[in-house]
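Read through the structure below, which is laid out as structure tokens, and then see the notes.
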Amino acid sequence: MTCTEFLKILDDVIDESIAAETRVEIETHLKKCGHCEVVLNTTRKTIEIYRCHEIYELPVEVNERLHASIMERCRRVR
Amino acid sequence: MSTIQTIAGQNEQHPDVALVEKVRGGDLAAYDTLVRKYERQIFRIAQHITQNREDAEDVTQDAFLKAYEKLDQFQGNSKFYTWLVRIAVNESLMRLRKRRTGKTVSMDEDVQTEEGSVPRDFADWAPNPEQNYSQAELAEILKKTIQGLPPGFRVVFVLRDVDGLSTEETAETLGLSVPAVKSRLLRARLQLRERLTRYFRRRTPAAHANPSSPQANTTSPAQRQPHGTEK
């Protein structure tokens, strides 16, 4: 497996939708290619960080105002 | 099966189906439950696309109102949530267009760029790199980094990786093909990874002396070589 081939299936590796036979090829490639290993690990970490950290917080009072406004508008169109 | 939605392979209804049926029967309290359940997620998606808090609030309101008014058009062959997200994405793109005074804004904007489609920086990250920053600093880094992506990449990443929709649901929601979603997702992930490396790389002792200046961190030529070389 080449780096280009690995990169093509990087998403499938991250999403764990890889056939068993390809998995062996990937493991063999990663053992000898530090760059691809770093790309895989840091891409996984990128996703994890964005998933775990809410960057656009909706404060409770804004949330409540927004919610009340939505329901009021729905009530009016009934 | 008309409006009855089932989870594939099971005879079990998605919990939203019963709520939607109640709303159709005139039960506004059931809609209140649906709004509560999804308002934060819809707000987050709108904010990611519009990059503007005021617009995101307006989009959230408009999307829920439109969904309520058009509930009869919801066929139940997709999840209520993905149907709602589709409305919110369209509303967000309209807002973005207004802000840019009529300039066309679509899902296809800027997706032709080749930037970031090939990794160039192979510096490894520090263990738990997010712990080197305060919550506020980290939020700023993550915002700044994702804001740099074209809207068409940003929204795919948010729906697929942050919101947890499947590739098929993301494609359906955005009106894209599955290969188009996969291609954008890969490039979005790689671009974000590349940009975050500036902040999260394993620091050398010299670079550590000035942690507030990620650009000051030097990268060795070996770390910077292009990634096209076959091994």
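Laboratory data are not the source of any read-out in this text; all were calculated from the coordinates shown. No experiment lies behind these values; they were computed from the predicted model shown. Cβ sites come from the backbone with ideal geometry, for glycine too, and all protein chains shown count toward neighbours.
Details
- Near-label residues of the stretch B:167-192 by backbone N, under 18 Å of a point 7 Å along Cα→Cβ of B:Arg97: B:174-176
- Sites B:Lys66 and A:Glu27, calculated FRET efficiency, Cβ-Cβ separation with R0 41 Å, nearest 0.05: 0.25
- For residues of A:55-61, the mean tally of beta carbons on other chains within 10 Å: 6
- Average beta carbon contacts from partner chains per residue of B:183-190, 10 Å cutoff: 4
- Between the beta carbons of B:Arg24 and B:Asn52, assuming R0 = 41 Å, the FRET efficiency works out to 0.75 to the nearest 0.05.
- Just so you know, the Rg over Rh for the stretch A:3-77 is 1.36, from Cα atoms, with Rh as the Kirkwood radius.
- Peptide-level mean, for B:63-72, of C-beta atoms on other protein chains within 10 Å: 3
- Bridgeable lysines around B:Lys22 (alpha carbons under 27 Å apart, same-chain partners fewer than 8 residues away excluded): B:Lys37, B:Lys66, B:Lys70, B:Lys79.
- Computed FRET value (nearest 0.05) for B:Ala139 with A:Arg78, which takes r as the C-beta separation and R₀ as 30 Å: 0.15
- Taking packing as the residue-averaged number of other Cβ atoms within 10 angstrom, the listed peptides B:75-85, B:188-198 run from highest to lowest as B:188-198, B:75-85.
- Most fluctuating residue given options A:Arg23, A:Arg65, A:Arg51, as computed from a GNM of chain A linking Cα atoms under 10 Å: A:Arg65
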